[in-house]
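Participant: Have a look at the structure that comes next, please.
Bear in mind that the values in this text are calculations on the coordinates, not laboratory data. Remember, it's a predicted structure, so these values are computed and weren't measured experimentally. Cβ atoms come from the backbone with ideal geometry, glycine included; neighbour counts cover every protein chain shown.
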Amino acid sequence: MPQTSEDIHARVVAAVGADGRLPMPPVGEWDIFPWEVVDGELQPKVLAPPVEAEQPRHGEDGQDCSTCASDERVIWRNERWKVTRGEAPSGLPLMLWLHPIEHLDGDDLDENMAAEYGRLQVRLSRIMAGLTNIGRVHVCRWGDGGAHLHLWFIARPDRFPIILGSMAVEWDEMLPPGPEDVWRADWQEVARKLATHEGDATV
Ligand SMILES: [Zn+2]
């Protein structure tokens, strides 16, 4: 079961003290981070004119696609879909990803795949949200970084009024990672529960 929000708060206090501030995460250095400090105040960056063309994404047209190449972090699969975990625990209790096994983007799904995508999304989200101490599961599809469809399932802890909505994701890299054994038990439980509907837990 995921740690309680009191446990998560205790991790922060252990790292930086009760009134301490966690270090700025790498996102602050990213080109797409939309704010910067100007004259001591946080302000939106100046919007540069559009570039000539979109940059190719990782694995565009299936070339050197890491999702196709590796099943290392797969925790559940059926004949058409797989669910993967991260490499190690991160700040939020649990993040998982749903991908088609074939190299497809979201707009490539046929009617049957689209229907299955919908069912799996609801099941996985419901199972993760059913874990103790989880406030909500955010389901996101961006697709600007990798060309192989990957749907994010982001379980946020309950009862932190600042860890909400799209900003909950930012806390994943800020909060000190939780214990590995807890994280491992949680994704194993999710995989087993998903396999009660169909497919196989590979954990
Ligand atoms: Zn791929």
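Participant: Identify which of Thr67, Thr84, Thr132 has the largest mean-square fluctuation in a Gaussian network model of the chain, with springs joining Cα atoms closer than 10 Å.
Facilitator: Thr132
Participant: Considering every pair of different Cα atoms, what Kirkwood radius, in Å, is found for the range 55-109? Let's see the in-between values first.
Facilitator: Details: mean 1/r = 0.0801 Å⁻¹.
Kirkwood hydrodynamic radius for the range 55-109: 12.5 Å.
Participant: Could you please state, rounded to a whole Å, how far the C-alpha centre of the range 17-79 is from the C-alpha centre of the range 89-121?
Facilitator: 19 Å
Participant: Could you give the C-alpha radius of gyration of the range 122-200 expressed as a fraction of 2.2 N^0.38 Å, taking N as the number of residues it contains?
Facilitator: On the way: Rg = 13.5 Å, N = 79, 2.2 N^0.38 = 11.6 Å.
Rg over 2.2 N^0.38 Å, computed on Cα atoms: 1.17.
Participant: Follow-up question, since we're still on this one. If packing is taken as the mean number of other Cβ atoms within 10 Å per residue, what is the order of 34-45, 116-127, highest first? Numbers along the way, then the final one.
Facilitator: Working: 34-45: 9.3, 116-127: 16.5.
Highest-to-lowest ranking by the protection proxy: 116-127, 34-45.
Participant: Can you compute the radius of gyration and Dmax for the range 1-57, using only the Cα atoms, both in Å?
Facilitator: Answer for the range 1-57, Rg first and Dmax second: 18.0, 49 Å.
Participant: GNM on the chain, C-alpha springs below 10 Å: top fluctuator among Pro89, Pro50, Pro177?
Facilitator: Pro50
Participant: Same structure again: For the chain, with a Gaussian network of springs between Cα atoms less than 10 Å apart, report the residue from Gly145, Gly28, Gly135 with the top mean-square fluctuation.
Facilitator: The residue that fluctuates most here is Gly28.
Participant: Show me the three semi-axes of the equivalent ellipsoid for the range 15-127, from the C-alpha gyration tensor (sqrt of 5 times each eigenvalue), largest first, rounded to whole Å. Could the numbers behind the result be given before it?
Facilitator: Numbers: eigenvalues 231, 109, 40 Å².
Over the Cα atoms of the range 15-127, the ellipsoid semi-axes are 34, 23, 14 Å.
Participant: Assuming R0 = 45 Å, what is the FRET efficiency of Val16 and Asp110, from their Cβ-Cβ distance, to the nearest 0.05?
Facilitator: Working: r = 50 Å, r/R0 = 1.11.
Calculated value: 0.35.
Participant: If you line up the Cα atoms of the range 71-188 on their principal axes, what length do they span on each, largest first, in Å?
Facilitator: 39, 27, 26
Participant: Right, another one. Calculate, axis by axis, the spread of Cα positions in the chain along the three principal axes, and write the results as whole Å, longest axis first.
Facilitator: Dimensions of the chain along the principal axes of its Cα atoms: 54, 49, 25 Å.
Participant: If a cysteine in the chain has no other Cys Cβ under 4.7 Å from its own Cβ, put it on the list, ordered by number.
Facilitator: When partners are defined as cysteine Cβ atoms under 4.7 Å apart, the chain leaves Cys140 without one.
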